[in-house]
1. Fewest Cβ neighbours within 10 Å first, please rank 55, 17 accordingly.
2. Largest first and in whole Å, what are the equivalent-ellipsoid semi-axes of region 1-107 based on the Cα gyration tensor, each being the root of 5 times an eigenvalue?
3. Given a cut-off of under 8 Å on Cα pairs at least six residues apart, what relative contact order in percent is computed for region 6-116?
4. Please arrange 21, 76 by counting, for each residue, the other beta carbons lying within 10 Å of its beta carbon, fewest first.
5. With just the Cα atoms defining each centre, how far is region 79-112 from region 56-72? Give it in Å.
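Read the figures in this text as sums done on the coordinates, not as results from a lab. Remember, it's a predicted structure, so these values are computed and weren't measured experimentally. Counting neighbours? That spans all protein chains shown, and the Cβs are built from the backbone with ideal geometry, glycine included.
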């Protein structure tokens, strides 16, 4: 196998310096994109865990900022958390509830709510006679 340096490839007119720079820039963009995707998976996991805790009760809603605080404002950006929640909305896991046109009045909830504890009928209760 013949190994050539970039300088040798340029000197032999196999590749130009501009092509080499373009390859390097493309590689840097690809790495940045892959790092962003990997981080999105981590953030999504953290957001999912936080929502399980915050939306335990049936009918519970939460604001974006509450989720952001729960996953860690210093470790994850606002956009990362919001993008994870939007992805969950696209997948049909979350829904938005708007109480007005004000963006600060947007609440998030599960599409399929956790089941509330079942209640029995009064007829199901056995009474004990007092003596």
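1. 17, 55
2. 47, 14, 11
3. Numbers: 88 pairs, mean separation 26.0, N = 111.
Computed over region 6-116, the figure is 23 percent.
4. The order, fewest Cβ neighbours first, is 21, 76.
5. 10
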